[in-house]
Each structure stands twice: as C-alpha cells, then as structure tokens.
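The values are calculated or read from the model by the stated rules, or taken from the named source; none is laboratory data. Keep in mind that this is a model prediction, so the values were computed, not measured. With ideal geometry, Cβ positions are generated from the backbone for all residues, glycine too; neighbour counts draw on all protein chains shown. When the accessible area is computed, the model is the full protein with side chains, heavy atoms only, and any ligands, DNA or RNA have been set aside. Shrake-Rupley method; radii C 1.70, N 1.55, O 1.52, S 1.80 Å.
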Amino acid sequence: MPDPARTGRRERKKAATRQAIADAALDLFLEHGFDRVSVRDVADRADVSTTTLFAHFPSKESLVFDREEDVEAALTAAVRERPAGQDVVDALRAHALECWAPTLSDPRLASFAALVDRTPALREYAERMWVRHARALGVVIAEELGRAPDDLACAALARFALEVPVLAKGRPDPRAAVEEVFDLLVGGWRARHDSGGAVRRVRSEGGSAKTRE
C-alpha cells in the first residue's frame with residue numbers, strides 16, 4: 001500500500017519542478033522573445049533535462065499557459081459545486097471576482113499579454129485553449145440545467161462569460177467592470193429563462209438539482 005506521506009512529498013516535488021520550469025520559460029520568453037528561446041534554453045535555466053521538461057509540458061507553447069488545466073477545472077467546478085440556491089450566472093460571477101479580477105490588476109499582465117499578442121504561435125494556442133474552455137464550460141452548464149450538451153444558450157453563456165476578462169482588462173476598476181458585464185449577462189439570461197414559462201434550474205438544499213417555472 002502506498003505511503004501517503006511519501007506520495008505527498010513526491011507530488012509536491014513534481015509540482016515544484018513544473019512551476020520552476022514554467023517560471024524559467026516565462027522569464028526567458030519575456031527577456032528574449034518566444035521565438036528566440038529554445039526548449040533547451042528553458043531546461044538549462046530550470047536545471048532539468050529536456051526529457052523532464054517534456055514530461056510536464058507537451059509543447060513549447062504550453063510552457064506559457066502552464067495553468068490551463070487548472071483554469072478549466074476551476075471554471076467548471078465553479079458551476080458544478082456552486083452553493084445551494086445559487087444560479088449558474090451568479091456562480092460564474094463569483095468565480096470571476098475571486099479568480100479573475102485580482103489578476104487583471106497585476107502589473108505583469110501587460111507584459112504577458114504583449115508576449116502573446118506579438119507571437120503568432122502563442123495567439124493560435126490561446127485561441128484553441130479558449131475554445132476548449134468554452135466548450136467544456138458550455139457542456140457543464142448544460143448538464144446542470146438538464147439540457148443537451150450542445151444547447152445553444154448554454155454555449156453562448158459560456159462564451160460570453162469567458163470574454164469578461166478581455167472586456168475588463170485595462171479598465172480603471174477591473175472589479176467594477178467585471179460586475180458591470182455580469183449585470184448585463186444576468187439580465188439577458190434571466191429574461192430569456194423567466195419568460196414564456198421557460199424553466200430555470202437551481203440547486204436544492206440537498207445538493208440535487210430541481211427546476212421551477
């Protein structure tokens with residue numbers, strides 16, 4: 001039987017190595033540009049082999065977006081694990097305010113965004129990642145509302161929600177901007193789902209889902 005303490009240390013060491021690689025990569029890319037830095041350069045800066053690097057990151061582009069799996073997991077969990085009585089849009093608003101709004105004020109964001117914007121390979125990777133996140137979120141919203149996985153309204157809500165950081169970036173008060181955009185989303189979503197006898201779904205106190213007119 002595995003030793004939990006040993007397993008825990010191994011996982012922490014693995015996570016620390018992954019973070020060190022990602023930090024080294026971003027530092028080098030910001031200093032010299034993405035195209036002028038090789039994978040070998042990153043491995044040398046992080047003091048690991050290229051084999052170890054590729055064990056953590058499948059491509060050079062993924063070094064820049066090292067948290068993409070965590071971001072998607074947190075996004076879908078915000079909907080699946082929302083508190084009893086909280087609807088989907090409010091759950092996404094709470095997630096945005098907790099996880100996105102603070103990063104929008106980070107002074108490093110401008111440098112990171114500029115790196116991506118000026119590098120075609122990173123722009124393409126970011127666009128594919130955005131589509132994956134939107135698809136995953138749309139499916140989870142549909143599941144929570146008892147809809148088909150490709151439900152148009154759920155897919156649209158997912159895409160609109162993921163545009164919030166883009167719309168709020170660079171605003172004098174990013175948090176207020178996030179709130180304003182979600183006010184619009186809430187208005188549109190509830191108007192659609194509260195009209196014509198449409199069904200709106202919320203979590204029951206027992207954690208199961210129920211519908212109401």
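Data overview
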| read-out | value |
| --- | --- |
| Options ALA78, ALA101, ALA134, ALA113; residue that is assigned to a helix (DSSP H, G or I), touching a residue at least 40 places away in the same chain (Cβ under 8 Å), under 13 Å from the mean Cα position of the chain (by Cα) and not assigned by the TED database to the domain that holds ALA25 | ALA101 |
| Hits in the stretch 138-169 - residues which are within 19 Å of the chain's Cα centre (by Cα) and assigned to a loop (DSSP other than H, G, I, E, B) | GLU163, LYS169 |
| Residue that is in contact with a His (Cβ under 9 Å, 6 or more places away or on another chain) and surrounded by 15 or more Cβ atoms within 10 Å (Cβ to Cβ), where the choices are LEU145, LEU157 | LEU145 |
| Checklist (1) open to solvent by 50 Å² or more (accessible area, probe 1.4 Å); (2) out of contact with any helix residue (DSSP H, G or I) (no Cβ under 8 Å at 6 or more places or on another chain) applied to ASP41, failing item | (2) |
| Any hit, the stretch 25-44, residues being assigned to a helix (DSSP H, G or I), modelled with pLDDT under 95 and aliphatic (A, V, I, L, M) | no |
| So ARG40, is it in the same structural domain as GLY170 (by the TED database) and either touching a residue at least 12 places away in the same chain (Cβ under 8 Å) or on the phi < 0 side of the Ramachandran plot (or both) | no |
| Residue list for the stretch 47-74, restricted to those being open to solvent by less than 60 Å² (accessible area, probe 1.4 Å), modelled with pLDDT under 95 and of a type outside the set (Asp, Glu) | VAL71 |
